[in-house]
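All remarks here apply to the structure that follows.
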Amino acid sequence: MTNMSFVTTFILMGIPHAPALDIPLFTIFLVIYVLTVMGNLLILLVIRVDSHLHTPMYYFLTNLSFIDMWFSTVTVPKMLMTLGSPGGRMISFHSCMAQLYCFHFLGSTECFLYTVMSYDRYLAISHPLRYASMMRGRTCALLATGTWLSGSLHSAVQTTLTFRLPYCGPSQIQHYFCDAPPILRLACADTSVNEMVIFVNIGVVASGCFLLIVLSYVSIVCSILKIRTSEGRHRAFQTCASHCIVVLCFFGPGIFIYLRPGSRDAVDGVVAVFYTVLTPLLNPVVYTLRNKEVKKALLKVGSKSIFTQCK
């Protein structure tokens, strides 16, 4: 081990694609990133300004928008650099470690938050009379804090397991950001224990959260079917539809990538685009365009700004 030359810089190989697609892909992902950041910032602003949106549902949505904005920022700018120039593929060892930690921190926090949001919807639809007393401000704050602390702990485990191993070459990561599975392939030591722990850790977290979400929505559907008016059923289904769409787009690709031990195909990089690039954009699109309350708040904020400019 004393004669080993340890890696100080990694090379991100990026998304598998033909060189001729560099500029089109760069443009597409740049537009998506700008829309993601602007859209989530707009949601944060609208919920902050409009007092009618100061409810548990929008409190959790604020957390989700904040996470999505930074979740996209952790990976997309570096992806754009890999598409922009060969020098942009380089990433230092410590920067790679920081990116992996932030990615799993925000990703796992979002995973827990989706679970909390499904529980919130369950209480709102299945127990409407007790909802206000059960989801007080302190309860919401405790649930949100729990998601952030759990995400931080989960990420610390992933990062420690990954970077406690020696890396002495090669230094090419077959991905567009630093993630545990492709990095472990470069380790100069046996990674079987790491892969098993990561598989079980992510498997338990992702599967557990997804199961709780499914159970919540099964209960929600049962409660919706008991609503006598078709208008009431339609409104309840519409309230939960946006959450379900985003949840499926987030959990589907993640489960595909992490719950296949030993399979580290190049296709994983393409699949990862769905939950690192597209899902953060879906949040403002789905929650804004499908939600009447948010659209009213947007119109109110827009009309106020126009009135202020006219004065």
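Can you give the calculated 222 nm mean residue ellipticity of the chain, where each DSSP H run of n ≥ 4 adds -39,500 (n - 2.57) and the sum is split over every residue, rounded to the nearest 500 deg cm²/dmol?
My calculation for the chain gives -25000 deg cm²/dmol from helical runs alone.
What is the chain's relative contact order, in percent, from Cα pairs under 8 angstrom and six or more apart in sequence?
Relative contact order of the chain: 28 percent.
Within 10 Å, count the other beta carbons around each residue, average over each peptide in 118-125, 152-159, and list them highest first.
118-125, 152-159
Working out 0.36 nm times the residue gap between V267 and I23, then minus their Cα-Cα distance, what length gain in nm do you get to one decimal?
Here the segment from V267 to I23 would lengthen by 85.8 nm.
Express the carbon and sulfur contribution to the solvent-accessible surface of the chain as a percent, rounded to the nearest whole number, probe 1.4 angstrom.
Heavy-atom surface of the chain belonging to carbon and sulfur, 1.4 Å probe: 69 percent.
Mind checking the angle between helix 192-225 and the chain's longest principal axis? C-alpha axes, 0 to 90 degrees, to the nearest 10.
Between helix and principal axis, roughly 10 degrees.
If you look for lysine pairs in the chain that are eight or more places apart or on different chains, how many of them have Cα atoms under 23 Å apart?
Close lysine pairs under the 23 Å cut-off: 6.
For the chain, take the longest principal axis of its alpha carbons; what is the angle in degrees between that and the long axis of helix 279-289, to the nearest 10 within 0 to 90?
10 degrees
Taking the Cα atoms only, what angle lies between the long axis of helix 292-310 and the longest principal axis of the chain, rounded to 10 degrees?
90 degrees
Starting from 0.36 nm per residue, how many nanometres of slack lie between V157 and H54 once their C-alpha separation is accounted for?
33.6 nm
Which one is right for this structure if Rg and Dmax of the Cα atoms in Å is calculated from it: (1) 21.4, 76; (2) 21.8, 87; (3) 19.2, 60?
Structure-derived value, by its label: (1).
The values are calculated or read from the model by the stated rules, or taken from the named source; none is laboratory data. What you see is a predicted model, and the numbers here were worked out from it, not measured in a lab. Cβ: placed from backbone, ideal geometry, glycine included. Neighbour counts: every protein chain shown. Surface areas here come from the heavy atoms of the whole protein model, side chains and all, with no ligands, DNA or RNA. Shrake-Rupley method; radii C 1.70, N 1.55, O 1.52, S 1.80 Å.
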